[in-house]
Structure formats: structure tokens, C-alpha cells
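Peer 1: First the structure, then my questions, so here it is.
Read the figures in this text as sums done on the coordinates, not as results from a lab. Note that the coordinates shown come from a computational prediction; the quantities given were computed from them, not determined experimentally. Please note: Cβ atoms are built from the backbone with ideal geometry, for glycine as well, and neighbour counts cover all protein chains shown.
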Amino acid sequence: MTPFVPNSTGPHGSGTLESNPRERGIASLDTAIVMISLIVVGALITFALLSTSLFGAEETKGAALGGLREAQGSVVIRGGALAIRGSVDVDADNVILISSTSTDQNAIVTVKFLVTGSTPESVIDLTPPYTFNSAGTDPDASGLSPMSVMSFVTEDVSINEAAWSVAFVGTNDGDYFLEVGEKAEITLWLQTQDITNSLWDLGAGVGDPFLDLATELLQTDMPFEIGFDVGGGVITLGRTTPGSLDSIVFLE
């Protein structure tokens, strides 16, 4: 008797044992959806990383350019400063009399210092608010539009916009821009110079850029500070006057 062997072709005689075609289609669709989702998520992650990198690069670029602009607008002081002594006509009679009974006094009337650009790329606008011509009275209002501001501070007085002028030293191209290879001497004017009468006068009152009172004069053993804002940063010069004043005082 031949033993019974089950039909390997399945109940419908279709050959090999396989799943239903409808089930196969659903499985393929599920796989496709998963693949598409992975691709979309990957694209979103890549876009986010790329955007972050570009933003970081722009931030770094902006910081670098900002630093460059600051460097291009900065100056440095070369050496010390020179303080010039003058006789101040405190009583305004156009005659200087320095004695124990007079009110006229000797004091520091100008402070000079030399500046250059801080980097080879530096281009600094040193258009001054005042100029001088050694005639009549100095300094004279320049009538220009300065970009830099100078301040002067002691224990007794503060001038936010002090009078200053500039004179280029050595090789220069004749404009007010401090460029590579150029040096400029900056002069702070604390008093006005009456060249005709060979003396110095006090300022005219509140609001002018000079020292207005005898008690404000820069004399012996007095600390002071000059701030020079050139647009890309402020340089400061802090010194103390010596115990005696020569006609020219070198302040290290």
C-alpha cells in the first residue's frame, strides 16, 4: 500500500508555498514608507547641520571683520608725552605778573603726544576740531567735521570734548588720514594762547573746551588723564605732573 503524502503544492496546486500577493503588496508599501521617512529625516538633519554651520561661519566672519574694523580704527601712543608750561593771565589784563601778590600763574597749557596706526592696515581719520597758525590767538576752530573726540579729567575738572589739533611729522600725503608709515603729533590745548601779548588766557566759561578757572589749572603734583576716542577704540594717557614745572616737561 502506497503511503499518503500531503500535496506540497498547497491546497490550490499553485506550486511552491508562498504568501498571499495582497499581503506582499502591503509589506512592500510599508517598507517604502519607512525608507521615505528615513530619507526625509536624514535630509532635515543635514539641512539643520548645514544651516548651523553657515550661521556659525557668518558669526565668525562678522566677528573677524568687526575686529579688523576696530584694529583699522585704532592708534597707539609712541613714547611719552610733552607738557608745555605757560604763563596764564588769570586777571585778564593782558600783562603777566608772577609774584606772591599777583593772581597770574604758571601752569601746563598744552600736552603733546605722538601716535601711529596700530596695524599696517590702519587708516584713521584725524580731522581736528582746531588748528593753529601762530598768529593772533591759537587754537582756531577748524570748521571741519572731526570724527575723533578727546577728553581731559583731573580731580577738579572734567572736559568731555577738549580742544585738540594735529600736526603730521615726517613723510605724509598731506591729508588728515593717518596711514601706514605716517606719524601724527596730537596737541591738547588746555588754554588759549594770546600770541600778540605772549601769554595764555583762561577759557570763556561753561561749555567751552578749555580750563576756565585758576583753581582748575594743571600745575604741580596733579594727576590727570586724557582719553582719545578715534572711533575704533579709546586710548588713554594717564600721568602726574612733577613737583616743579620746567618750560617743557617730559611725562614718561
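Peer 1: By the gyration tensor of its Cα atoms, with a ≥ b ≥ c the square roots of the eigenvalues, what is the shape of the range 76-251: rounded for a/c under 1.5, prolate for a/b over b/c, or oblate?
Peer 2: prolate
Peer 1: While we're here: Quick check on packing: order 205-212, 159-166 by the mean number of other C-beta atoms within 10 Å, highest mean leading.
Peer 2: 159-166, 205-212
Peer 1: Suppose each label sits 7 Å from its Cα in the direction of the beta carbon; what would the GLU155-THR236 distance come out to in nanometres?
Peer 2: My value for the distance between the label points is 1.8 nm.
Peer 1: Quick one: which residues, 5 or more positions from GLU161 or on another chain, have an amide H under 5 Å from its amide H? H modelled 1.01 Å from N in the peptide plane, none for Pro or chain starts.
Peer 2: Residues meeting the amide H criterion: none.
Peer 1: Here is a further query. Within the range 179-210, find all residues whose amide N lies under 18 Å from a label point positioned 7 Å from the Cα of ILE248 along Cα-to-beta-carbon.
Peer 2: 184-189
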